[in-house]
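Data first, discussion second: the structure below is written as structure tokens.
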Amino acid sequence: MKRQAKKYLMFNVQCSIFNRRKGKMLCITGILSIACCLLSVSVSAQKDTTKKGTTIDITSAYKPVLRNAVKINFSASHLNADTSKPKMNYTVPAQNLFYSYQPITLKPLALQQDTNLNLGLRNYLKLGFGNFSTPYVSAGFSFGDGKTSLLNLYADYISSKGKIKYQDYSQLNLKGTGSYFMEKNEAYASVNISQHDTYLYGYDHTLYNYKKDSIRNQYQDITLKAGIRNTTVGDFGIKYNPNVQVNIFTNKNRLSESSLIVSAPIEKQFGEAMSIKVEGKADITSYTTKDLTSNVKISNNVFQVAPALAFASPRFSINAGITPTWDNGNFVWLPNVYAEAQVKEKVFMIQAGWVGTYTKNTFRNLSAINPYLKTIASQTNTKEIEYYGGIKATMGKHFNFSAKAGFISYTNFPLFINDTATDNKAFKTVFEGKGNNLRIHGDLSYINQDRFTLTTGLTLNGYTGFNNNGKAWNTIPMELTSSLRWWAFKQVLLKGDFYMFGGGNYIAKGNSTKSFNGGTDLSAGMEFKVNKMFSAWLDVNNILNNKYERWHNYEVYGLNVLGGVRITF
């Protein structure tokens, strides 16, 4: 009976739940609670003692139901727009180079040859003609692929006839350079042949009458050079460049001079910053005269060994060395110390040095300064010791500036004075035993890629301490040079050059001291590229028609015009 009652009760509970599923949840919960209580009572009381085992039967029905998911509602909001403009600072270093421009020497003919224009082809021929009966020819040819071999040939000729008797001038230059490239080395050689004719026209033409050939200085110069250098630094970190040079210089019917120069520089690198350098040099000269009353044959030999320790980093570099030198058997020590430091990288640099050099006063070197020299009977070399300091700076993206001040002490400084004992037409070479020079040099350049270039250089010389000579005869206290190159259009190149120097002192007849005036030379030119092959050019030199005298009694040409064509192929 109890078991049937229990089943009946459970059935009612189930029916109640089934029939009232749609009812209220509180009612279902209550009925379920009562059913569970009764079930618990029935289970605890259903033990049948008449049976040996105990059996419990539980009947239940359950259907699981998932709870309704609750959706999370997001309330999105727009971000505030950033109206501030970002400030982006870019630091682009100026890609400029530091140039050290040196004043050029002024030739008796106030005409500077035009630099060759690179039109993309390897061969060119430039022809022209101007007043003062001035023919001009220049040519250049290139052979080889540039990888295994390269050969360049150059030739140029110019001559003029001035208004003064024998104010003539001619110059012929022939040059060849070649290189042969190996895997790790380059063998190179060059040949240079030149002939330079000038005439000693600086005499009083009312008192003297010379034949043209008797006053001609015909300088012939042959230079041969060869060497080998490594193009790749090997495992030992050694660089080398041994070379030999032979100079054969003559003045027709007056003198002959030959020089042999052997140089063997070698450098050993230790890491990326440190290196040791050693250079041995022998400069051997033989000189013979032909037009003196007592002709001479002399030797002028200089031997040097220059060891140095060098350190170089992106912000600082220094070279510390000495140069033992034997000048015709006389031994001297020369300093070789200089350093550069960048205060602000690629913007501002300071430099300082203590250096010494020997300059050989061969007739070849002296005539390159003054072409109106008399034959010399001896050769004395010049020793220079210089203490200097300076700065280099880059201003903006295009301006470069440098300034340098140095104090130079000379031993056996060469000076040129007019030969007042005769006709005053040639210059004698004399030497000042001891002298000093306070030299100040500055240059400024503006470079805008390869379209516009403007350079200016100024040099001031203050010679003091001359005892054997009262003045620094025929030296220049001030030189100013300037050059402009501007590709105004794709096919038009405009150029200009300016040169000015201050006057110095010379010895006149009767050994009196006089001053010569300075000079100003302004030149301009233009080149028009007609097509890829042809160009037309025009140079106007000494526009101000200033007939100044760089060397006393030797007046330069006035205004001269030169024009022609250029063929590139």
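The table below gives the values:
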{"read-out": "Normalised contact order of segment 491-569, rounded percent, pairs of Cα under 8 Å and 6 or more residues apart", "value": "27"}
{"read-out": "Trypsin sites (Lys or Arg not before Pro) lying in DSSP loop within segment 471-569, provided at most 13 other Cβ fall within 10 Å", "value": "K490, K509, K532"}
{"read-out": "Whole-Å distance, taken between Cα centres, linking segment 259-285 and segment 495-517", "value": "40"}
{"read-out": "Computed over segment 280-323: relative contact order in percent, which uses C-alpha pairs under 8 Å that are six or more apart", "value": "32"}
{"read-out": "Over 24 Å between alpha carbons, listed pairs K277/K397; K252/K471; K212/K360; K175/K428; K184/K277", "value": "K277/K397; K252/K471; K212/K360; K175/K428"}
{"read-out": "Accessible area in square angstrom per residue, segment 466-569, 1.4 angstrom probe", "value": "47"}
{"read-out": "Solvent-accessible area per residue for segment 176-267 (1.4 angstrom probe, square angstrom)", "value": "54"}
{"read-out": "Exposure ranking of M533, M500 by accessible area [1.4 Å probe, largest first]", "value": "M533, M500"}
{"read-out": "Charge tally in the Cβ shell below 13 Å around Y410, where Lys, Arg are +1 and Asp, Glu are -1, Y410 excluded", "value": "0"}
{"read-out": "Segment 162-235: chymotrypsin sites (Phe, Trp or Tyr not before Pro) falling in loop per DSSP and having at most 14 other Cβ within 10 Å", "value": "Y208"}
{"read-out": "Local net charge near T380, Cβ-Cβ under 12 Å (Lys/Arg +1, Asp/Glu -1)", "value": "0"}
{"read-out": "Net charge over other residues, Cβ less than 15 angstrom from the Cβ of T323 (K, R count +1; D, E count -1)", "value": "-1"}
{"read-out": "Cross-link pairs K392/K490; K290/K547; K290/K374 - those with Cα-Cα distance over 23 Å", "value": "K392/K490; K290/K547"}
{"read-out": "Restricting segment 235-287 to chymotrypsin sites (Phe, Trp or Tyr not before Pro) in coil, as DSSP defines it, with at most 14 other Cβ within 10 Å", "value": "F236"}
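The values are calculated or read from the model by the stated rules, or taken from the named source; none is laboratory data. On a predicted model such as this, the values are computed, not experimentally measured, just so you know. Ideal geometry is used to build each Cβ from the backbone, glycine not excepted, and the neighbour counts take in all protein chains shown. Quick note on the areas: whole protein, heavy atoms, side chains included, nothing else; ligands and nucleic acids left out. Shrake-Rupley method; radii C 1.70, N 1.55, O 1.52, S 1.80 Å.
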